[in-house]
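FYI, it's all coordinate maths here, none of it is from the lab. Everything quoted here is computed from the prediction, not taken from an experiment. Positions of Cβ are backbone-derived with ideal geometry, glycine not excepted, and every protein chain shown enters the neighbour counts.
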């Protein structure tokens, strides 16, 4: 085919190429509008889903932060309770030491009275132990006077020992209350940590879902772009074939 024939063929085919080109442009324009609408809808759907998941995560994170504040307060409360337990242990130690001293004094009362004259014991009973008015008409021998004196002193020491033991019991009851409170606070702290663990797991799941949705959208966009390029190439090929065939 010489140059003149080629020019003649182009002249004859130019009108047909223009018509087919216009049709192709119209088709491409329509497909572009349709595809754009689909892309916008998919983008809106994706945005709505991601926003919803982000809102859920924000709520979950606020719950975690609130529980963290409660945990800090509970940790401080537990430390205060443990300090109180330490102070109580010191008081119990002092009471136990005092009890040993009182018990030793009680055990040695009889020996200490052996070094005191009976007259001194008698004067103590009359003037200090039982200073009651009245006629002294009941005579007692020395062992009896010593025995009465010992009984009086033993009763005083036993009262001190009983008071000491009662104070120890009250202190032990106080310690039990403190330990029960510590156990309760620790149980609540464990529950709060478990709830936060569930919230954090949910946040991770939601973030994974966001990543999955975005990956799916990226895959769709790439696939659509590839299909669009293939379609465009096919249309151009068809148009060229029609133009050549028509010529």
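Subtracting the Cα-Cα distance from 0.36 nm times the residue separation, let me have the gained length for residue 54 to residue 116 in nm, one decimal.
13.3 nm
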Subject >> Potential lengthening between residue 104 and residue 140 on full extension [0.36 nm per residue; Cα-Cα distance subtracted] >> reply: 10.1 nm
Original post:
For the stretch 100-205, what is the convex hull (Cα atoms) projected area averaged across all directions, in square nanometres?
Top reply: 10.7 nm²
Subject >> Inter-part distance where the stretch 139-163 and the stretch 93-115 are each reduced to a Cα centre, Å >> reply: 14 Å
Original post:
Taking the Cα-to-Cβ direction at residue 218 and at residue 158 and moving 7 Å from each Cα, how far apart do the two end points lie in nm?
Top reply: 8.9 nm
**OP:** Just report the Cα centroid separation between the stretch 69-84 and the stretch 38-62, whole Å.
**Re:** 39 Å
Subject >> Rounded FRET efficiency, nearest 0.05, which uses the C-beta distance separating residue 97 from residue 125 and R0 of 30 Å >> reply: 0.45
